[in-house]
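What follows is one structure encoded as structure tokens, with my remarks underneath.
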Amino acid sequence: MNTKHFDVVVVGAGTAGITVASMLLRELKNIKVAIIDPADTHYYQPLYTLVGAGADDVKKTARPMASVIPKNADWIKEPVIGFEPDNNRVITNNSTYQYEYLVVAPGLQIDWDIIEGLKETLGKNGVCSVYGYKQSEDTWNILRNFKGGKAIFTAAWTPVKCGGASQKIMYLTDAFLRKKNLRNNTDIQFISSGTKIFAVPGFTETLEKLIKEKDIGVRFKHDLIKVDGTNKKAWFRVHTPEKEDTIIEENFDLLHVVPPQSAPDFIKNSPLAINEGPLKGWMDVDKYTLKHVNYENVYGLGDVAGLPTAKTGAAVRKQAPVVAEAILSKIKKESYIQKSLYNGYSACPIVTDYHHVLLAEFGYNNEPMPSFPIDTTKPRFSMYLLKHYVLPWFYWNRMLKGKG
Ligand SMILES: Cc1cc2nc3c(=O)[nH]c(=O)nc-3n(C[C@H](O)[C@H](O)[C@H](O)COP(=O)(O)OP(=O)(O)OC[C@H]3O[C@@H](n4cnc5c(N)ncnc54)[C@H](O)[C@@H]3O)c2cc1C
């Protein structure tokens, strides 16, 4: 088998992979960096919730992969299928790639199949999800043709990217239906696997109040397990303390699903995965240095990382410099003291209607970590402008270029 050698191999050309590769190549132009990713297109996923509510055009979320790969990098357009970290090798179907340093950033996989009947009906029969390019466009088509009835919004029991997405699309739906005079004949229900509306103090209270004001019904500890789109029925497993789980059936006219998610299978089945416990299958990295716990020259970041914080692009923005700095100082053979450590920072701009956002920023243990000297636990127009216009500009023009 063909083997090529690189200073750094990056697996995944998403938010995390491109940001780290750009940071490395801005600092050291002559190092050999390979980015391995089979995808033709790079997606800015945070806009999907706005697309789902008709507030933006899905085309703005996608750009050709070739346009975001840094100039001096080698793009290898193949899927990675395995790792041999003891031999510093990454494996694809046709080749192996040898590295000095490995950066693992293939995101996560969406397990649509775990919910019986979902795949068959997604995008039709009132069943939708903002978790994907086509899916978010389908969500808007379903919403704009909705004539009222019962609208259910679910949230999964697994870690997911952007845990706030289930609520963002729900609040936007509420605002859309009010605008269309359909809210009076619509019953909105948030039926979630979670145990509370939001875990960060300050935001929990605001969202509890908001949900009451918007007259949205809330049920927790309910896992969506089965959907029958044709007959507009959904089934939930209900967890009740000290009793056996029960299964309940709900009718719906609109069902928005946040599907279960997990580490990609080729990570789960690799020596890089966590072997047991609640984060089993995700990549086993130190929560501060993002270095693999067993391999000195392997780093992991982004959605794939088994970290006790929310999986977001905002988290990647703080993780990428930690990984880039560590690899650069090792390559430059500087006496190595890791200056920056990742503190668990993540952020969730919760869109509460077409003009307002609550910007929740927090670290490990959910302690608030605000970046702005204003109270962002209140829905604000300024934060909506940040989410809809400033952050996408920043993403394409600064972050992906290693400048942010
Ligand atoms: C609906 C929705 C709303 C969101 N809202 C927000 C928000 O408001 N704010 C925010 O900060 N974040 C938000 N996010 C989350 C954010 O988009 C992700 O956290 C971020 O993109 C993670 O980056 P990543 O590089 O880990 O994964 P990704 O950006 O998903 O990239 C993974 C890359 O790995 C590649 N890959 C996969 N398998 C392989 C393989 N076998 N070999 C090689 N390459 C592979 C893929 O092709 C892809 O290019 C949202 C996400 C969704 C879905």
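The values are calculated or read from the model by the stated rules, or taken from the named source; none is laboratory data. The model shown is predicted, which means the values in this text are computed figures rather than measured ones. Heads up, the Cβs are rebuilt from the backbone with ideal geometry, glycines too, and the neighbour counts pull from every protein chain shown. Ligands, DNA and RNA are stripped out before the accessible areas are found, and what is left, the full protein with its side chains, is counted by its heavy atoms. Shrake-Rupley method; radii C 1.70, N 1.55, O 1.52, S 1.80 Å.
Using a probe of 1.4 Å on the protein chains alone, the accessible area found for Lys168 is around 10 Å². Phi angles of region 86-97 translate, via the Karplus equation with coefficients 6.51, -1.76, 1.60 and θ = phi - 60°, into HN-Hα couplings of 5, 10, 6, 10, 10, 10, 10, 4, 9, 9, 10, 10 Hz per residue; Gly and Pro are given as x.
Rounded to the nearest 10 degrees, the inclination of helix 165-179 to the longest alpha-carbon principal axis of the chain is 40 degrees.
What angle do you read, to the nearest 10 degrees and between 0 and 90, between the alpha-carbon axis of helix 15-27 and the longest principal axis of the chain? The angle comes out at about 30 degrees. Label-to-label distance, Glu78 versus Asn397, with points set 7 angstrom from Cα along the beta-carbon direction: 3.8 nm. Label-to-label distance, Glu100 versus Ala199, with points set 7 angstrom from Cα along the beta-carbon direction: 3.8 nm.
Based on C-alpha pairs under 8 angstrom that are at least 6 apart in sequence, region 1-95 has a relative contact order of 30 percent.
First select every other residue whose beta carbon is under 13 angstrom from the beta carbon of Gln167; then total the charges, Lys and Arg +1, Asp and Glu -1.
Values: positive: Lys168, Lys196, Lys214; negative: Asp174, Glu208, Asp353.
Net local charge, Gln167 excluded: 0.
Here, region 278-358 yields an orientationally averaged convex hull projection of 6.7 nm² when only Cα atoms define the hull. Here the relative contact order of the chain, from alpha carbon pairs under 8 Å that lie six or more residues apart, stands at 19 percent. One way to sum up the overall shape of region 1-120 is the equivalent ellipsoid from its Cα gyration tensor, whose semi-axes run 29, 20, 11 Å, largest first. Between Tyr364 and Thr246, the contour length at 0.36 nm per residue exceeds the Cα-Cα span by 39.1 nm. When restricted to Cα atoms, region 112-261 yields an Rg and a Dmax of 14.6, 44 Å, respectively. Residue by residue, region 278-293 carries 3J(HN,Hα) couplings of x, 9, 3, x, 6, 6, 8, 10, 5, 6, 9, 8, 6, 7, 4, 5 Hz when phi is fed to the Karplus relation 6.51 cos²θ - 1.76 cosθ + 1.60 (θ = phi - 60°); x denotes Gly or Pro. Could you tell me what % of all Cα pairs in the chain have separations over 35 Å? Tail of P(r) above 35 Å: 28 percent of Cα pairs. Anisotropy class assigned to region 45-96 is prolate, per the alpha carbon gyration tensor with a/c at or over the 1.5 cut-off and a/b larger than b/c.
Please work out the ratio of the alpha-carbon Rg of region 209-340 to 2.2 N^0.38 Å and round it to two decimals.
Numbers: Rg = 21.0 Å, N = 132, 2.2 N^0.38 = 14.1 Å.
That ratio works out to 1.49.
Over region 1-65, the reciprocal of the mean inverse Cα-Cα separation, the Kirkwood hydrodynamic radius, stands at 13.8 Å. Loop-located GluC sites (Glu not before Pro) in region 246-298 (DSSP state not H, G, I, E or B) with no more than 13 neighbouring Cβ atoms inside 10 Å: Glu276, Glu296.
The phi torsions of region 213-227, fed into the Karplus equation with coefficients 6.51, -1.76 and 1.60 and a -60° offset, translate into couplings of 4, 7, 6, 9, x, 10, 9, 10, 6, 10, 9, 5, 10, 7, 10 Hz, rounded to whole numbers, with Gly and Pro shown as x. Note on Arg219 and Asn30: their simple-model spin labels are 6.6 nm apart, each label 7 Å out from Cα toward Cβ.
Exactly which chymotrypsin sites (Phe, Trp or Tyr not before Pro) in region 220-291 are in a DSSP loop and have at most 16 other Cβ atoms within 10 Å?
Working: sites: Phe220, Trp235, Phe236, Phe252, Phe266, Trp282, Tyr288; in loops: Phe220, Phe252, Trp282, Tyr288.
Qualifying residues, ordered by number: Phe220, Tyr288.
Have a look at the DSSP beta bridges in the chain and tell me what percent are antiparallel, nearest 5. Walk me through the intermediate numbers first.
Details: 36 of 73 bridges.
Antiparallel bridges: around 50 percent, rounded to the nearest 5.
Relative contact order of region 112-261, taken over Cα pairs closer than 8 Å and 6 or more residues apart, is 35 percent.
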